[in-house]
Amino acid sequence: MKSFITAATITGFAALAHAAVPGFDVSAYQENIDFSKAYSDGDRFVIIKATEGTTFKSSQFSSQYIGATDAGLIRGAYHFAQPASSSGAAQAEYFAANGGGWSGDGITLPGALDIEYNPNGATCYGLSAAAMVDWIEDFVTTYESQTGRWPLIYTTLDWWTTCTGNSPNFADRCPLWLARYASSVGDTPAGWDYATIWQYNANYPQGGDSDTFNGDESRLVALATGEA
């Protein structure tokens, strides 16, 4: 069985309070993922890009989601935020209607809001820290009203500090999916005591990014079912 635990990541895993469950995340750039091999190699979850803004839906989402399901992986979807283009509510509704929904079937993670560096302009999308916090609030409350679940929030400590003023407003509702490519998960944004999921490199063997869930497999299932 392949393991993602290497000399470079043992220190990071030691910092986690529980057993770690390996997983990964993918987007349309990864067209030929062998999900069955991922499962046999030890991965137990995958998060798949579904949407961006209110106009983009990944051309690979449906086939990736079905492939992950057929392989036995717990799977979820993520939405790449574009705060300059439309409201948080509009994007949450679009996401929920185009792959980001949730069901209590035990294999569906709550959707994730990917909020991070703007790939095409100002780092904070032209919004003040207060306006960004309001935008995220608009998204997460609308997503919860649409699905019954609070979304995961994917971000980095640097972006969150720069663009939200290190707001603690979401830690009591939204599990943290933290990106940090290093030997340990490091500090978390304000309010979060730990990262539920840590994205620790962009070198997943089949393409995409490598992640680890902070807990054992029963806790991963609990996150999927809504019991955690």
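At-a-glance table
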{"item": "Residues that are in a loop (DSSP other than H, G, I, E, B) and surrounded by 18 or more Cβ atoms within 10 Å (Cβ to Cβ), drawn from segment 75-87", "result": "Ala81, Gln82, Pro83"}
{"item": "Pick from segment 32-74, criterion β-branched (Val, Ile, Thr) and buried (at least 21 other Cβ atoms within 10 Å of the Cβ), ranking: farthest from Val21 (Cα to Cα)", "result": "Thr51"}
{"item": "Residue selected from segment 6-23 under the condition assigned to a loop (DSSP other than H, G, I, E, B) and of a type in the set (Val, Ile, Thr), by the criterion modelled with the lowest pLDDT", "result": "Thr6"}
{"item": "Selection count, segment 28-52, where residues are over 19 Å from Ile74 (Cβ atoms) and within 16 Å of the chain's Cα centre (by Cα)", "result": "3"}
{"item": "Test set (1) modelled with pLDDT of 95 or more; (2) of a type outside the set (Gly, Ala, Ser); (3) under 25 Å from Gly23 (Cα atoms) - Pro205 fails condition number", "result": "(1)"}
{"item": "Residue ID - modelled with the highest pLDDT, chosen from residues in segment 118-131 that are under 24 Å from Val26 (Cα atoms) and surrounded by fewer than 16 Cβ atoms within 10 Å (Cβ to Cβ)", "result": "Thr123"}
{"item": "Among residues of segment 153-178, those that are surrounded by fewer than 22 Cβ atoms within 10 Å (Cβ to Cβ) and either within 12 Å of Asp114 (Cβ to Cβ) or at pLDDT below 95 (or both), counted", "result": "2"}
{"item": "Single match in Thr123, Thr161 (criterion: more than 26 Å from Arg75 (Cα to Cα), assigned to a loop (DSSP other than H, G, I, E, B) and either touching a residue at least 24 places away in the same chain (Cβ under 8 Å) or more than 18 Å from the chain's Cα centre (by Cα) (or both))", "result": "Thr123"}
{"item": "Residue count, segment 180-219 (criterion: surrounded by fewer than 22 Cβ atoms within 10 Å (Cβ to Cβ) and outside any loop (DSSP other than H, G, I, E, B))", "result": "6"}
{"item": "Contacts under 6 angstrom Cβ, first residue in segment 51-78 being at positive phi, partner of a type outside the set (Gly, Ala, Ser), 6 or more apart", "result": "Gly53/Gln82; Gly72/Tyr39"}
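Conditions tested, residue by residue: (1) modelled with pLDDT of 95 or more; (2) hydrophobic (A, V, I, L, M, F, W, C); (3) outside any strand (DSSP E or B); (4) under 24 Å from Gln206 (Cα atoms).
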residue: Asp25; (1), (2), (3), (4): yes, no, no, yes
residue: Glu31; (1), (2), (3), (4): no, no, yes, yes
residue: Lys37; (1), (2), (3), (4): yes, no, yes, yes
residue: Asp43; (1), (2), (3), (4): yes, no, yes, yes
residue: Val46; (1), (2), (3), (4): yes, yes, no, yes
residue: Ala89; (1), (2), (3), (4): yes, yes, yes, no
residue: Phe95; (1), (2), (3), (4): yes, yes, yes, no
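The values are calculated or read from the model by the stated rules, or taken from the named source; none is laboratory data. Predicted model only: the values in this text are computed from it and were never measured. Positions of Cβ are generated from backbone atoms using ideal geometry, with glycine treated the same way; all protein chains shown enter the neighbour counts.
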